[in-house]
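The values are calculated or read from the model by the stated rules, or taken from the named source; none is laboratory data. Predicted model, so just to flag it, every value in this text is computed and none were measured. All Cβ positions, even for glycine, are placed from backbone atoms using ideal geometry, and neighbour counts span all protein chains on display. Note: accessible area is taken over every heavy atom of the protein model, side chains too, but ligands, DNA and RNA are not part of it. Shrake-Rupley method; radii C 1.70, N 1.55, O 1.52, S 1.80 Å.
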Amino acid sequence: QVQLVESGGDLVQPGGSLRLSCVASGSFVNINRMIWWRQAPGKEREFVAGIPWSGNTTFIGQSVEGRFTITRDNTKKAVFLQMSSLKPEDTATYYCNAEAIDLSGRRFETWGQGTQVTVSS
């Protein structure tokens with residue numbers, strides 16, 4: 001199984017920046033892709049950004065395009081979400097989600113516990 005631990009959430013002023021991290025650990029053969037989602041109170045979960053574990057392609061949600069970037073460090077088994085020009089509407093709990101291959105060769109998904117981002121003056 002894979003355990004995901006997110007960090008980096010904080011209270012930040014509008015226009016500020018934050019960098020979220022998600023580190024994977026546990027017993028698995030490989031990671032296929034990792035995705036950042038977010039969910040604000042009373043709202044549906046929203047796709048933020050995704051990245052496959054190989055290649056240079058990234059996927060960015062429309063509401064954060066041009067402000068957020070996603071990167072990964074394969075050696076550290078980590079994915080990062082660099083957030084800039086933050087807006088109050090970016091306030092949410094941010095979750096890391098991974099699809100991986102376990103030791104039996106089966107594909108599975110797992111989630112982190114979430115990290116809170118609050119954008120407010």
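With only Lys, Arg, Asp and Glu charged, each at its Cβ (+1 for the first two, -1 for the last two), find how big the charge dipole of the chain is about the Cα centre; round to the nearest 20 debye.
Charge dipole, the chain, about its Cα centre: 180 debye, nearest 20.
I need the GluC sites (Glu not before Pro) found in the stretch 1-80, filtered to DSSP loop residues with at most 14 other beta carbons within 10 Å of theirs.
Listed in order of number, the matching sites are GLU44, GLU65.
Hey, any idea what % of the chain's accessible area is carbon plus sulfur with a 1.4 Å probe?
Result for the chain: 46 percent of the exposed heavy-atom area is carbon or sulfur.
On average, how much accessible surface per residue is there in the chain, in Å², for a 1.4 Å probe, leaving out ligands, DNA and RNA?
54
Using the Cα centre of the chain as origin and beta-carbon charges of +1 (Lys, Arg) and -1 (Asp, Glu), tell me which of ASN74, GLN1, SER63 is placed farthest towards the positive end of the dipole.
Of the candidates, ASN74 comes out farthest on the positive side.
Show me, for the stretch 92-105, the HN-Hα J-couplings you get by feeding each phi into the Karplus relation (A = 6.51, B = -1.76, C = 1.60, θ = phi - 60°), rounded to Hz, glycine and proline as x.
After applying 6.51 cos²θ - 1.76 cosθ + 1.60, I find 4, 8, 9, 10, 9, 10, 10, 10, 9, 10, 7, 5, 8, x Hz.
Kindly rank 82-90, 102-110, 25-33 from highest to lowest mean number of other beta carbons found within 10 Å of each residue.
82-90, 25-33, 102-110
Compute the distance in nm between two label points, each set 7 Å from the Cα along the Cα-to-Cβ direction, one at THR71 and one at LYS87.
2.5
Suppose each label sits 7 Å from its Cα in the direction of the beta carbon; what would the SER7-ASN30 distance come out to in nanometres?
It works out to 2.9 nm between the two label points.
If you average the sequence gap of Cα pairs under 8 Å that are 6 or more apart and divide by the length of the stretch 2-62, what percent do you get for the contact order?
23
Place a point 7 Å from the Cα of SER121 along the Cα-to-Cβ direction; which residues of the stretch 1-45 have their backbone N under 15 Å from it?
Answer for the stretch 1-45: 12-16.
Can you list the residues, at least 5 places off or on another chain, whose amide H is less than 5 Å from the amide H of THR91, using H built in the peptide plane?
VAL119
Determine ³J(HN,Hα), in whole Hz, for all residues of the stretch 54-64 in sequence, where each value follows from phi through the Karplus function 6.51 cos²θ - 1.76 cosθ + 1.60 and θ = phi - 60°; x replaces Gly and Pro.
So the Karplus estimates, Gly and Pro as x, are 9, x, 10, 6, 10, 10, 10, x, 4, 6, 10 Hz.
Mind listing the phi-derived Karplus ³J(HN,Hα) values for the stretch 68-76, rounded to whole Hz, using 6.51, -1.76 and 1.60 with θ = phi - 60°, and x for any glycine or proline?
Going residue by residue, I get 10, 9, 10, 9, 9, 10, 4, 5, 8 Hz, with x marking Gly and Pro.
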